[in-house]
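Heads up: the structure comes next, in structure tokens.
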Amino acid sequence: MTDKVDALVIGGGFYGCVIALFLTQHNYKVTLVEQKSDLLQRASYVNQARVHTGYHYPRSLQTAASSAQNLIEFREFYDDCIDSSFTCLYAIAANGSKVTSSYFERFCRQINLPLRAPEKQLKKLFSSRTISAVYECEEFAFDAKALRDVLLRKLNAAGVDIRLNTKVDDVEKASAHEITARISVGDDAAQNTETLSAPWVFNTTYANLNQFTDKKSTRPVSLRHQVTEICLLRVPEILENVGVTVMDGPFFSTMPFPARNTHSLSHVRYTPHFTWHEQDAPDMDPDKVLTEHAKSPRYEWMLRDSARYLPVLENAEYEDSLFEIKTTLEDTQIDDARPIAFHRDPAMERFISILGGKIDNIFDVLRVISGTLDLDE
Ligand SMILES: Cc1cc2nc3c(=O)[nH]c(=O)nc-3n(C[C@H](O)[C@H](O)[C@H](O)COP(=O)(O)OP(=O)(O)OC[C@H]3O[C@@H](n4cnc5c(N)ncnc54)[C@H](O)[C@@H]3O)c2cc1C
């Protein structure tokens, strides 16, 4: 028997959950399918948890400005999941930075991002040899666990049919207005296959976005993947309520990671362990690459280099490393932009693949979905 719904959403990360909720609020009967045993377990959990407000993108004015705009909506819906209690510092490296302090100040003025002088005792933490300027900024961290709880509660209240431990194996166009999906449930997949059918299918599987694409006949979204490592740290007391980002080049960032009540540390040079371009290796399966990757933590390198800029980090204690695939659109390398992909398969126009480079881009996605499905605002 085939279950029929108005929309099928594949992938229970932040994007899939919010899209499922949005469609239900517009009277769509929605099924959300997630292969893991819980929602928000993959990239939506394993990331730096930064709620972007714009500072991070001095080389992409458009991304910075849209971050500032999306923040207003993010706070409106998910304020309970945001940690805004810490002091956020951005520092400019004296050497090797792609932006200077005067450029950064001009950029912030241009899009009205507040910059303040940091407290003296915080400024003193930075090495005057390697850091040319430090600013206090307004940026926050999200709690992925809290987001998961809020979304689960809202999805249940809205009546979304959530299928966990369930994988979409294949999709097929049944007619102009109907797509069928073959799904397998639980570990004993061969025994438990079902079909679902819907006029609209939203593919929000992030690193696996092209898994349903017939690479011979259609144009997949052009993706770059990296196996990445986020370190979790116990920072010295003086940094407990502080987040630090050194701009803009092969530097580091450490900030609160609310889901584990600790700090994350990422380093532009060491966080990516391995990079590949899907167009060069279309058969590489990101999940398989992640599973098979030798996960040797690089915290010693990350900490040693970061302490050159913020010496107090020498006293940080390493706790853990989280590994995840980071996926971006190919043409975002030059200015570090994080636009969205909204890809309608030419052979199956109601099959829509969506990739949001950062959490708050969801609001751009909802606006495009609204226009595509002609939904009332
Ligand atoms: C290291 C790193 C740091 C980052 N830092 C930040 C940051 O600080 N701030 C920020 O805003 N963004 C950041 N990002 C980006 C952010 O994490 C992503 O934009 C966001 O999580 C994408 O959400 P998603 O729902 O599309 O993906 P995911 O959360 O990965 O969800 C995709 C889901 O699809 C499921 N799935 C896949 N295939 C199938 C299938 N066939 N059937 C059923 N389910 C399937 C997966 O199990 C997964 O749960 C970072 C990302 C990484 C990796």
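For beta carbons closer than 6 Å, sequence separation of 6+ or different chains, a first residue in the stretch 1-29 that is farther than 12 Å from K154 by Cα and at pLDDT below 95 and a second that is within 16 Å of the ligand (Cβ to nearest atom) and open to solvent by 10 Å² or more (accessible area, probe 1.4 Å), the qualifying pairs are T2/T195.
Looking only at residues that are more than 7 Å from the ligand (Cβ to nearest atom) and open to solvent by 10 Å² or more (accessible area, probe 1.4 Å) in the stretch 1-17, which one is nearest to D364 (Cα to Cα)? Working first, answer last.
Residues of the stretch 1-17 more than 7 Å from the ligand (Cβ to nearest atom): 1-9, 17.
With the extra rule that they be open to solvent by 10 Å² or more (accessible area, probe 1.4 Å), the set shrinks to 1-6.
Numbers: M1: 36, T2: 33, D3: 30, K4: 28, V5: 25, D6: 22 Å.
Within the stretch 1-17, the match that is nearest to D364 (Cα to Cα) is D6.
Mind checking whether some residue in the stretch 251-258 is more than 19 Å from G357 (Cα to Cα) and surrounded by fewer than 20 Cβ atoms within 10 Å (Cβ to Cβ)? No, the conditions are met nowhere in the stretch 251-258. Selection within the stretch 47-56: residues that are near the ligand (Cβ under 6 Å from one of its atoms) and either of a type outside the set (G, A, S) or at pLDDT below 95 (or both). The member of this set that is nearest to the chain's Cα centre (by Cα) is N47.
Checked against (1) within 25 Å of R109 (Cα to Cα); (2) open to solvent by 40 Å² or more (accessible area, probe 1.4 Å), S66 meets all criteria but (2). Residues in the stretch 282-297: is at least one of a type in the set (S, T, Y), within 13 Å of the ligand (Cβ to nearest atom) and open to solvent by 40 Å² or more (accessible area, probe 1.4 Å)? For the stretch 282-297, residues of a type in the set (S, T, Y), within 13 Å of the ligand (Cβ to nearest atom) and open to solvent by 40 Å² or more (accessible area, probe 1.4 Å): present. The set of residues in the stretch 57-92 being away from the ligand (no atom under 11 Å from the Cβ), closer than 16 Å to Y15 by Cβ and of a type outside the set (S, T, Y) consists of E73, F77, C81. Across the stretch 318-365, the qualifying residues are those that are basic (K, R) and either within 8 Å of the ligand (Cβ to nearest atom) or in a loop (DSSP other than H, G, I, E, B) (or both), and the one among them that is modelled with the lowest pLDDT is R338. The residues in the stretch 147-200 that are over 18 Å from S44 (Cβ atoms), of a type in the set (A, V, I, L, M), away from the ligand (no atom under 11 Å from the Cβ) and crowded, with 18+ Cβ neighbours inside 10 Å can be counted, and the count is 3. Among the candidates N192, N208, N203, N156, the residue that is modelled with pLDDT of 95 or more and farther than 24 Å from L355 by Cβ is uniquely N156. Taking the stretch 343-372 as the range and being closer than 25 Å to E172 by Cβ and surrounded by fewer than 17 Cβ atoms within 10 Å (Cβ to Cβ) as the test, the residues that pass are R344, P346, A347, E349, V368, T372.
For the stretch 19-41, filtered to residues that are farther than 22 Å from V171 by Cα, open to solvent by 10 Å² or more (accessible area, probe 1.4 Å) and within 11 Å of the ligand (Cβ to nearest atom), the residue that is farthest from the chain's Cα centre (by Cα) is D38. Listed by first and then second residue, the pairs linking a residue in the stretch 272-297 that is small (G, A, S) to a residue that is modelled with pLDDT under 95, with Cβ atoms under 8 Å apart and 6 or more places separating them unless they lie on different chains, form an empty list.
Note on the stretch 201-243: among residues that are more than 14 Å from the ligand (Cβ to nearest atom) and touching a Ser or Thr at 6+ places or on another chain (Cβ under 9 Å), the one that is most open to solvent (accessible area, probe 1.4 Å) is R219. Restricting the stretch 73-86 to residues that are farther than 18 Å from R148 by Cβ and more than 18 Å from the chain's Cα centre (by Cα), the residue that is surrounded by the most Cβ atoms within 10 Å (Cβ to Cβ) is F86. Scanning the stretch 170-198 for residues that are part of a loop (DSSP other than H, G, I, E, B) and in contact with a Lys or Arg (Cβ under 6 Å, 6 or more places away or on another chain) yields a total of 0. The single condition from (1) modelled with pLDDT of 95 or more; (2) outside any strand (DSSP E or B) that T254 fails is (2).
The values are calculated or read from the model by the stated rules, or taken from the named source; none is laboratory data. Note that the coordinates shown come from a computational prediction; the quantities given were computed from them, not determined experimentally. Positions of Cβ are backbone-derived with ideal geometry, glycine not excepted, and every protein chain shown enters the neighbour counts. Side chains included, ligands, DNA and RNA excluded: accessible areas come from the protein's heavy atoms. Shrake-Rupley method; radii C 1.70, N 1.55, O 1.52, S 1.80 Å.
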